Amino acid sequence: MGKTLVEKIWDAHVVKREEGFPDILYIDTHLIHEVTSPQAFDGLRKRGLPVLRPSQTVATADHNVPTLNQHLPIKEELSRYQVDMLTKNTAEFGVELYGLGHPYQGIVHVIGPELGITQPGKTMVCGDSHTSTHGAFGAIAFGIGTSQVEQVFATQCLLQQKPKTMKIEVNGELAAGVGAKDIILYIIAKISAAGGTGYFVEYAGSAIRSLSMEGRMTICNMSIEMGARGGLIAPDQTTFDYVEGREFAPKGEEWDKALQYWKTLYSDDDAIFDAVLEFDAADIQPMITYGTNPGMGIGITEHIPTTNSQPESERPSYQKAIDYMGFQDGESVIGKAVDYVFIGSCTNSRIEDLREVAAFVQGKQKAENVEVWIVPGSKQVEAQAKEEGIDKIFEQAGFALREPGCSACLGMNEDKIPAGKYCVSTSNRNFEGRQGPNARTMLASPLTAAAAAVTGKIVDIRQLI
Amino acid sequence: MKKFEKLTSQVVPLPIENIDTDQIIPARFLKATTRDGFGDNLFRDWRYDADNQPKVDFVMNNPTFSGKVLVAGKNFGCGSSREHAAWAIQDYGFDVVISSFFADIFKGNALNNGVLPIQVPEEFLQKIFSVVFANPTSSLSVDLEAQTVTIDETGDSYSFEINPYKKSCLINGYDDIDFILSHKRQIEEFEKNR
């Protein structure tokens, strides 16, 4: 019997498999950041252990960092302390740090791929649930807790139960104005915020194949929003072209050898998945969320489902979400006024996202009622945007290109959405209070967010392009 | 790690679905660099208003309900991988969380901190809620060795599943690092043979 892509990579990394125990899985690359690592470094100190393979560990500061004036000391004391602690810990344990001021600094899931650290066939972990992003390259990548960060530090391994596998195929052509973000919001709306729990998802089909690496990263990034710990896409020429020549990508003979292996990384025709779902790209319209989990999404022209259309036991939670958002059962979101637009996060802050937004807003003006924050995913994205004049296009439209970090995706820095305000956000979570206490988040694609920025309201992007 | 064997306790019922880790511990409280003290901010924005005054209608501010067992609606712990969520639950004083469905990462984090996540069928979960809301002093008994959870008042019992390795870790207070480190030779061999 053939193997799925997940099985091929997983089995190649099992150090030990024993009946009744989880597998000891070897981890090729460990990414770390300032929020989920300090207690793990502390644990090592208490045990008197080193980081076993510091050269396979890479650190950056992203969650807490300001997105303005990064050359100045961080104002907020606790944030500064946590970022300083990362500098101290990485120096003490010999781990490479791309910290504030470094040309490679950025959101951990943006810098891994752009530096060529993320490669097909690897196992990669990070104390961050959006580590699934790296699966876009055909890698097994997943988020872990801090105790597991300590495990990987100490052993370069994790104790893991082999996951179940799910294949999600999306076939057909996407309509103009519909992109990767809409695909993934559509899938999550269809299968719910828990529909993928227990699985690693392999995305396949012609609509997935036709996406750029940036689009594929957007898809894999949000796997966790349906509960799936990992999501991945078999590598192909698009993948190889993206990786080739990047700083830490294999070179010369090593490249040829790697490529030969990478070309074997696909699910065999007779491989058996534990679940298979299929969707038609033609059914997908620009998506937007109306509730407080990413499964609460609708096509932009659809109406908010009524509470009574929900299963009875779920109605109180559903009603709570609709009330939190200040919406009514059955209403349309089109025309709703927007207060903030956030374009950024590990879901949508790559150069392609900024190019798409720039192409749309060029020659247009920001609506007066809206505050717009555009936060690039990394220093390299920021530099590229400036080189292409994208920052000037934004300036003329009335927005500023800020400096890289996680920013308003989770509001650990100053970039918080005020209570009661509506934010159209290209990030990944619309949980209560995610972007600030009592903030109201509506998740959407970069294009839909850009449309909200220039019109000041929720609009169907297809009417504007 | 703290050992866990048996427990009989009153419960704190939270019949809300999809409780995400941002509700359990909002991101702005993740700036600590130790594992201690997160319990004060457990369910912060549901427990306290903008002026830091307790919200009287939230169950944890209702003295009628207390205990070491938190019972919550399905898909508990979805969202971020922050282990701070498990730390907050433990620090507040919960040893067991019961739900009809758990998010993967939360479940693992809880187990790694000596907090037992017990998955029960939706029907059993609803039974717990109805018994506890009718009589807040009624208790649940959890026996990890026997893998049972019992509603003491009605005698209804459910046999829950747990990975045998994780079960022995909880009972003995072991953690994964000790286990993996005992295989260091195999790890080095694996690296050599790649």
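All of the numbers you see were taken from the coordinates with simple rules; none came from a lab. From a predicted model like this one, the values you see are computed outputs, not experimental measurements. Cβ coordinates were reconstructed from backbone atoms using ideal geometry, including for glycine residues, and neighbour counts include every protein chain displayed.
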Q: Take B:Lys3, project a point 7 Å from its Cα along the Cβ direction, then tell me which residues of region B:123-154 have their backbone nitrogen under 14 Å from it.
A: B:144-145
Q | Computed log₁₀ I(q)/I(0) - Debye formula, equal Cα scatterers, no solvent, chain B, q 0.09, 0.11, 0.14, 0.18 Å⁻¹ | A | -0.36, -0.52, -0.80, -1.25
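R0 = 25 Å: FRET efficiency of A:Asp270 with A:Arg209, Cβ-based, nearest 0.05?
0.75
Can you give the average number of partner chain beta-carbon atoms within 10 Å of each beta-carbon in peptide A:182-194, as a whole number?
Details: counts 0, 0, 0, 0, 0, 0, 0, 0, 0, 0, 2, 7, 9.
The per-residue average across the peptide is 1.
Rounded, prolate or oblate: pick one for region B:60-144, where a ≥ b ≥ c are the square roots of the eigenvalues of its C-alpha gyration tensor, a/c under 1.5 means rounded, and failing that, prolate if a/b is larger than b/c, else oblate.
Numbers: a/c = 1.86, a/b = 1.43, b/c = 1.30.
Here region B:60-144 falls in the prolate category.
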Q: Return the distance in nm (one decimal) between the two label points of a simple spin-label model at B:Ser66 and B:Lys192, each offset 7 Å from Cα along Cα→Cβ.
A: 5.9 nm
Q: Relative to the compact-globule scaling 2.2 N^0.38 Å, provide the ratio for the alpha-carbon radius of gyration of region A:70-189.
A: 1.32
**Q.** Burial ranking of peptide ranges B:17-27, A:197-207 (average Cβ count within 10 Å, highest at the top)
**A.** B:17-27, A:197-207
**Q.** Centroid-to-centroid separation of region A:166-187 and region B:124-189 [C-alpha atoms, Å]
**A.** 39 Å
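Just order A:454-462, B:3-11 by mean Cβ neighbour count inside 10 Å, highest at the front, would you? Walk me through the numbers on the way to the answer.
On the way: A:454-462: 19.4, B:3-11: 16.2.
Ranking the peptides A:454-462, B:3-11 by packing returns A:454-462, B:3-11.
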Q: Among B:Cys78, A:Cys157, B:Cys169, rank each residue by its count of other Cβ atoms within 10 Å, from fewest to most, as a rough exposure measure.
A: B:Cys169, A:Cys157, B:Cys78
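Taking every pair of distinct Cα atoms and averaging 1/r, then inverting, what Kirkwood hydrodynamic radius in Å comes out for region A:193-315? Each step should come with its number before you reach the end.
On the way: mean 1/r = 0.0576 Å⁻¹.
About 17.4 Å for region A:193-315.
Calculate the FRET efficiency for A:His71 and A:Asp460 from the Cβ-Cβ distance with a Förster distance of 51 Å, rounded to the nearest 0.05.
Details: r = 41 Å, r/R0 = 0.80.
That pair, A:His71 with A:Asp460, gives E of 0.80.
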Q.
What lysines does B:Lys184 reach when the alpha-carbon gap must be under 24 Å and sequence neighbours fewer than 8 apart in one chain are set aside?
A. A:Lys8, A:Lys16, A:Lys46, A:Lys122, A:Lys162, B:Lys166, B:Lys167, B:Lys192
Q: Select from region B:48-132 those trypsin sites (Lys or Arg not before Pro) which occupy a DSSP coil region and have at most 15 other Cβ atoms within 10 Å, ordered by residue number.
A: B:Lys55
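To the nearest whole number, what is the average tally of beta carbon atoms from other chains within 10 Å of the beta carbons of peptide B:97-107? Each step should come with its number before you reach the end.
On the way: counts 0, 0, 0, 1, 4, 4, 8, 14, 10, 2, 2.
Mean partner-chain Cβ count within 10 Å for B:97-107: 4.
Would you work out if region A:1-117 is rounded, prolate or oblate? Take a ≥ b ≥ c from the square roots of the eigenvalues of the alpha-carbon gyration tensor; rounded if a/c is under 1.5, else prolate when a/b is larger than b/c, oblate otherwise.
Working: a/c = 2.78, a/b = 1.72, b/c = 1.61.
Prolate, since a/c reaches 1.5 and a/b exceeds b/c.
What share of the DSSP beta bridges in region A:257-383 is antiparallel, in percent to the nearest 5? Mind dumping the intermediate values first?
Details: 4 of 8 bridges.
About 50 percent, rounded to the nearest 5.
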(Q) Just to confirm my numbers, what's the Cα centroid distance between region A:33-112 and region A:402-463 in Å? (A) 26 Å
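For a quick protection proxy, order the peptides A:437-444, A:330-337, A:38-45 by their average other-Cβ count within 10 Å, most packed first.
Working: A:437-444: 24.9, A:330-337: 14.4, A:38-45: 20.1.
Result, highest mean first: A:437-444, A:38-45, A:330-337.
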Q: Just grab the label-to-label distance for A:Thr307 and A:Met85, each label 7 Å out from Cα along the Cβ direction, in nm (one decimal).
A: 4.2 nm
Q. By how many nm would the segment from A:Glu368 to A:Phe21 grow when fully extended, if each residue of separation counts as 0.36 nm and the alpha-carbon distance is taken off?
A. 119.0 nm
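What's the average, rounded to a whole number, of partner chain beta-carbon atoms within 10 Å of each residue's beta-carbon in A:136-148?
5
Gain in length, A:Ser55 to A:Ala337, computed as 0.36 nm per residue apart minus the alpha-carbon separation, to one decimal in nm?
On the way: separation 282, 0.36 × 282 = 101.52 nm, distance 4.93 nm.
Contour length minus Cα-Cα distance gives 96.6 nm.
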Q | Computed over the protein assembly as shown, the ratio Rg/Rh where both radii use C-alpha atoms and Rh is Kirkwood | A | 0.95
